[in-house]
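J.: Take this structure first; my questions come after.
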Amino acid sequence: MEFRHLGRSGLMVSEISYGNWITHGSQVEEDAAVACVRAALDAGITTFDTADVYAATRAEDVLGRALEHERREGLEIFTKVYWPTGPGRNDRGLSRKHIMESINGSLRRLRTDYVDLYQAHRYDYSTPLEETMEAFADVVHSGKAHYIGVSEWKASQIREAHALARELRIPLVSSQPQYSMLWRVIESEVVPTSEELGIGQIVWSPMAQGVLSGKYLPGQPPPAGSRATDEKSGAGFIAKWLTDDVLTRVQRLRPLADQAGLSMAQLAIAWVLQNPNVSSAIVGATRPEQVQDNVKAAGVKLDAGLLKAIDEIVEPVTERDPARTESPAARP
Ligand SMILES: NC(=O)c1ccc[n+]([C@@H]2O[C@H](COP(=O)([O-])OP(=O)(O)OC[C@H]3O[C@@H](n4cnc5c(N)ncnc54)[C@H](OP(=O)(O)O)[C@@H]3O)[C@@H](O)[C@H]2O)c1
């Protein structure tokens, strides 16, 4: 494994981190979840990402149990707050009340006294940013989180939050956006602003939820057990990528991966790590063998010719519009 600083902070994270959205507490049974976490640890992954909302809070529980007997100082545990965790109108968003309640629930489920990074899972247009940042400051100053991050915030929102964080003396160090060969919306605004402010990207769905592994073939039913067959939640999220145009172009990447001596999954993960503002790529997995495949992308350098050839193939199906970095206009 290779390690990078999280933005300009002193915190080191593994280049590849393990995330448990859709899988833990939902798509996969607990023994498979624990086996994936074990494989991640064995491969040198130290950074783990979850959220209060995943599998209606069960994902944090599963991760907490899986990591319970590890040396806490050897791990970086990240979680998030914003999406609904209960039926009440205050069980969501970034109000002071919900942040204070949610961090306590997350720590209980994760079986830890603190998280390394606490992230705003979206921007909350119905709470003053000052209220959110002051609540985050209290979370940090009480020792329940060491660093603060945001997810899917626009460049202007990151800039405003960063200024408040400086005033409140808390470290806002990260942004967690979707980023892959097929989704490059952060490149024109979020990345330059983040570079200027010392904020690093921890990117999600670097494999476009498994699509860039090449296992979904145009015109064919999805492979058994894959996310596209998970009617509980995965199938709905991955559907947007399962078009013949995308899948045909993804198959055209296969010879490029072969030539570079990489699996297609490794090529996809290595691709996001070529961006120096990316601190870590968060990868999901349903089986330990996937983790073992994916971690080999750490430290891989892709040459300019290969990057250009990838661009030429995927450009027509790649999204680049910075306006696609968005949060719900009203609380969900
Ligand atoms: N901040 C946010 O709003 C946000 C949103 C989404 C995700 N995230 C974070 O990002 C993490 C990763 O997201 P993601 O799971 O969508 O990422 P991903 O790495 O693009 O996709 C992971 C999925 O692809 C399949 N896969 C993984 N390795 C494979 C391999 N080597 N070969 C073939 N298939 C493979 C597995 O699904 P199957 O085996 O089921 O096909 C796996 O669950 C999440 O766990 C979460 O921590 C954050």
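We did not get these values from a lab; they are worked out from the coordinates using the rules stated. Please read all numbers here as calculations on a predicted model, not as lab measurements. Methodologically, a virtual Cβ is constructed for each residue, glycine included, from the backbone with ideal geometry; neighbour enumeration extends over all protein chains shown.
J.: Just want the answer: with Cβ charges of +1 for Lys and Arg and -1 for Asp and Glu, which residue in Tyr118, Met181, Gly198 is farthest toward the dipole's positive end in segment 82-213?
T.: Of Tyr118, Met181, Gly198, it is Tyr118.
J.: Can you compute the modelled spin-label distance between Ser156 and Arg89, with each label point 7 Å from Cα toward Cβ, in nm?
T.: Each label point is offset 7 Å from its Cα along the Cβ direction, giving 2.8 nm.
J.: Could you tell me the extents of the chain's C-alpha atoms along the three principal axes, largest first, rounded to whole Å?
T.: 52, 42, 35
J.: Could I ask something else about it? Assign unit charges at the C-beta atoms only (+1 for Lys and Arg, -1 for Asp and Glu), then state the dipole size of segment 27-147 relative to its Cα centre in Debye, rounded to the nearest 20.
T.: Working: 15 positive and 21 negative charges, 51 e Å.
In total the dipole reaches around 240 debye.
J.: Taking the Cα centre as origin and putting +1 on Lys and Arg beta-carbons and -1 on Asp and Glu beta-carbons, what dipole magnitude results for segment 151-226, to the nearest 20 debye?
T.: Numbers: 6 positive and 7 negative charges, 42 e Å.
Dipole of segment 151-226, to the nearest 20 debye: 200 debye.
J.: Which FRET efficiency value, to the nearest 0.05, is calculated for Asp138 and Lys301 with the Förster distance at 51 angstrom and r the Cβ-Cβ distance? Write out the running numbers ahead of the final one.
T.: Values: r = 43 Å, r/R0 = 0.84.
It comes to 0.75.
J.: Sticking with this one: Local charge sum around Gln292 (other residues, Cβ-Cβ under 13 Å, Lys/Arg +1, Asp/Glu -1)? Don't skip to the answer; put the middle values down first.
T.: Working: positive: Arg38, Arg287, Lys296; negative: Asp42, Glu289, Asp293.
Charge balance in the 13 Å sphere: 0.
J.: Taking the Cβ of Glu152 as the center, what net charge do the other residues with Cβ under 11 Å away carry, scoring Lys and Arg +1 and Asp and Glu -1? Working shown, then result.
T.: Numbers: positive: Lys80, Arg122, Lys154, Arg324; negative: Glu326.
Charge balance in the 11 Å sphere: +3.
J.: Same structure again: Could you tell me which chymotrypsin sites (Phe, Trp or Tyr not before Pro) in segment 118-164 are loop residues by DSSP with no more than 13 other beta carbons within 10 angstrom of their beta carbon? Before the final figure, lay out the partial values.
T.: Numbers: sites: Tyr118, Tyr123, Tyr125, Phe136, Tyr147, Trp153; in loops: Tyr123, Tyr125, Trp153.
Loop-located and lightly packed - none at all.
J.: Okay, moving on. Run the numbers for Gln251 and Arg166: contour at 0.36 nm per residue of separation, minus the present Cα-Cα distance, in nm. Could the numbers behind the result be given before it?
T.: On the way: separation 85, 0.36 × 85 = 30.60 nm, distance 4.62 nm.
Gain on extension, Gln251 to Arg166, equals 26.0 nm.
J.: In nm, what is the difference between 0.36 nm times the number of residues separating Thr243 and Val317 and their Cα-Cα distance? Write down the numbers at each step before the final one.
T.: Working: separation 74, 0.36 × 74 = 26.64 nm, distance 1.00 nm.
Value of the extension gain: 25.6 nm.
J.: Once the Cβ-Cβ distance between Lys215 and Arg96 is put in as r, and R0 is 45 Å, what FRET efficiency do you end up with, to the nearest 0.05?
T.: Values: r = 44 Å, r/R0 = 0.99.
Once rounded, the FRET efficiency stands at 0.50.
J.: Compute the length gained on full extension between Asp113 and Glu189: take 0.36 nm times their separation in residues and subtract their Cα-Cα distance, giving the result in nm to one decimal.
T.: Values: separation 76, 0.36 × 76 = 27.36 nm, distance 3.55 nm.
That works out to 23.8 nm of additional length.
J.: Helix 155-168: angle to the longest alpha-carbon principal axis of the chain, degrees 0 to 90, nearest 10?
T.: It works out to around 40 degrees.
J.: Among the DSSP beta bridges whose two residues both lie in segment 3-324, what percent are antiparallel, rounded to the nearest 5? Write down the numbers at each step before the final one.
T.: Details: 4 of 32 bridges.
The answer is about 10 percent antiparallel.
J.: Report, in debye and to the nearest 20, how large the dipole of the chain comes out about its Cα centre when Lys and Arg carry +1 and Asp and Glu carry -1 on their Cβ.
T.: Values: 36 positive and 44 negative charges, 45 e Å.
My answer is approximately 220 debye.
J.: Taking only DSSP H segments of four or more residues, each worth -39500 (n - 2.57), what value at 222 nm results for the chain once the sum is divided by all its residues, to the nearest 500 deg cm²/dmol? Don't skip to the end; give the middle numbers.
T.: Numbers: 12 runs with 122 residues, N = 332.
Computed ellipticity for the chain at 222 nm equals -11000 deg cm²/dmol.
J.: Using the structure shown, select from Lys154/Lys215; Lys80/Lys154; Lys215/Lys301 the pairs with a Cα to Cα distance greater than 29 angstrom. If you can, show how the numbers build up before the last one.
T.: Values: Lys154/Lys215 32 Å; Lys80/Lys154 17 Å; Lys215/Lys301 24 Å.
Violating the 29 Å Cα-Cα cut-off are Lys154/Lys215.
J.: Give me the distance between the Cα centres of segment 137-203 and segment 1-53, rounded to whole Å.
T.: Answer, in whole Å: 19.
J.: Same structure, new question: Using DSSP to call loops (not H, G, I, E or B), can you name the trypsin sites (Lys or Arg not before Pro) in segment 228-260 whose Cβ has at most 14 other Cβ atoms within 10 angstrom? Kindly include the intermediate steps, with their values, before the conclusion.
T.: On the way: sites: Lys232, Lys240, Arg249, Arg252; in loops: Lys232.
Answer by residue number: Lys232.
J.: Further question on the same structure: Out of Ser327, Leu217, Trp83, whose Cα points farthest toward the positive end of the dipole of the chain (charges: +1 Lys, Arg; -1 Asp, Glu; placed on Cβ)?
T.: Most positive-ward Cα: Trp83.
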